[in-house]
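See structure below.
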């Protein structure tokens, strides 16, 4: 999944912040998908909330390294892992 | 099919539902214990009920929700102006429409069109419309409806929820055998009240008296080789519990309402993940391990 896709997905979910985590609930017209709720940890929540139409992976790396005091390699792995998880959860199930 | 009147008051989970019609209204057996004769207060929900289904009951703008599985379509919901239109299918003859219903934007007023029964009466709450009416009632109030069982020991009510086959009914049997009351073993309404949260049973396909108990703990259950439990908090507790709430998530405001309810509930009532052996040992295990968790 491209990072810009996250921005497009936002309108299909309702989000609620709980502590440092974020709950995502899909807007759906299908009863079978109603039990699919997702919890994002602090880093994933940051990526989700800060993804815009024009965000690049490099932009997000910079934002993560500045916010969480982690190196670029760790930031890139966090982004890649998160995008992979999102793809499994939202795209393949959808 | 016992009660037959043109106007019926039902009190379910403390909410007043008033049905009226020019035709004689029949109720399924499970609703009869919830009928009240005199109720002066304003109804939380009114249901104007009609015999026969007109060919054009409402003009559908958009199909917004379908409750179906691989075998069967249970009901469809359409947006029609600012209201919602429901088409309810017969649960035995899948392609036949059983009821058509309209719900206004305040979730307070229904119009229900039903085919006549063999006695030329109507059954506006015939399954699944009854639970649908209850669900939309909870959306306009501080309440939710859940697939769960609930045991009450006279002081604490414990809710057990999980996937189909997780052991909700089994858990009820274990607690019942240990001398506890069972609020219900399938479908419950939880309401926020002044002194905490209350659990209510709802009309089922069999008759049972209305019950209410103070909620003390929620358990997400599954079968396990040994009894084990873990307390859940924060987002994990909310998502695990909310997953078993009855919901029609096609409107943002519905989801926000549910998230708000469960956020408050899970901050106030302890939530546990429980793996259990399906025998009487689980009751003792819970009583020994939840101490301190029950508020």
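We did not get these values from a lab; they are worked out from the coordinates using the rules stated. Because the structure is a prediction, the values reported are computed rather than measured. A quick note on method: Cβ atoms are made from the backbone with ideal geometry, for glycine too, and the neighbour counts reach across all protein chains shown.
Each label was represented as a point 7 Å from its Cα along the Cα-to-Cβ direction; for residue A:11 and residue B:228 these points are 4.4 nm apart. When the helices of chain B are scored as -39500 (n - 2.57) per DSSP H run of n ≥ 4 and the total is divided over every residue, the value at 222 nm lands at -6000 deg cm²/dmol.
Take the Cβ-Cβ distance between residue B:104 and residue B:74 as r, set R0 to 22 Å, and report the resulting FRET efficiency rounded to the nearest 0.05.
Working from the Cβ atoms, E equals 0.50.
Over the protein assembly as shown, the hull volume per residue, using the convex hull of the C-alpha atoms, is 167 Å³. Which stretch or stretches of the stretch B:104-132 have amide N atoms under 11 Å from the point lying 7 Å from residue B:83's Cα along the Cα→Cβ direction? Once the point is set 7 Å along Cα→Cβ of residue B:83, B:104-106, B:109-113 turn out to lie under 11 Å by backbone N, inside the stretch B:104-132. Where the alpha-carbon atoms of the stretch B:191-268 are placed on the principal axes, they occupy 35, 35, 28 Å, in descending order. Rg/Rh for the stretch B:13-71 stands at 1.05; both radii use Cα atoms, and Rh follows the Kirkwood definition. As a length-normalised measure over Cα pairs under 8 Å and 6 or more apart, the relative contact order of chain B settles at 15 percent. Taken over the Cα atoms of the stretch B:124-260, the convex hull encloses 134 Å³ per residue.
Spacing of the modelled spin labels on residue B:41 and residue B:18, each 7 Å from Cα toward Cβ, amounts to 1.3 nm. By DSSP, what percent of the beta bridges with both residues in the protein assembly as shown are antiparallel, rounded to the nearest 5? Taking every DSSP beta bridge within the protein assembly as shown, about 75 percent pair in antiparallel fashion.
Ordered by the number of other Cβ atoms lying within 10 Å of each residue's own Cβ, fewest first, A:24, A:9 fall into the sequence A:9, A:24. Separation of the stretch B:24-39 and the stretch B:85-150, taken as the distance between their Cα centroids, equals 15 angstrom.
When Rg and the Kirkwood Rh are both derived from Cα coordinates, the Rg/Rh ratio for the stretch B:49-205 amounts to 1.03.
Across the alpha-carbon set of the stretch B:4-139, the Rg to Rh ratio works out to 0.95, Rh being the Kirkwood radius. By DSSP, the beta bridges lying fully in the stretch B:4-139 are antiparallel in about 75 percent of cases.
How much length is gained if the chain between residue B:115 and residue B:256 is pulled fully straight, taking 0.36 nm per residue apart and subtracting their Cα-Cα distance, in nm to one decimal?
Net length gain for the segment: 47.2 nm.
Share of antiparallel DSSP beta bridges in chain B, in percent to the nearest 5? For chain B, the DSSP antiparallel bridge percentage is about 70.
Here the Kirkwood formula puts the hydrodynamic radius of chain B at 20.1 Å, using every distinct Cα pair. Which residue fluctuates most in the GNM of chain B (Cα springs below 10 Å): B:69, B:201, B:121? Highest fluctuation among the options: B:69.
With helices as the sole contributors, chain A gives -13500 deg cm²/dmol at 222 nm; each DSSP H run of n ≥ 4 counts as -39500 (n - 2.57), and the sum is divided by every residue.
Take every residue in peptide B:230-237, count the Cβ atoms of other chains within 10 Å of its Cβ, and give the average of those counts.
Going residue by residue through B:230-237 and averaging, the value is 4.
Per residue, the convex hull spanned by the alpha carbons of chain A comes to 85 Å³. Judged by the mean number of other Cβ atoms found within 10 Å, the most tightly packed of the peptides B:12-21, B:91-100 leads the ranking B:12-21, B:91-100. Projected label points at residue A:50 and residue B:29, each 7 Å from Cα along the beta carbon direction, are separated by 6.2 nanometres.
Comparing B:101, B:67, B:143 in a Gaussian network model of chain B, where Cα atoms under 10 Å apart are tied by springs, the biggest mean-square fluctuation is seen for B:67.
Note on chain B: with a GNM built from Cα contacts shorter than 10 Å, the maximum mean-square fluctuation among B:155, B:192, B:111 falls on B:155.
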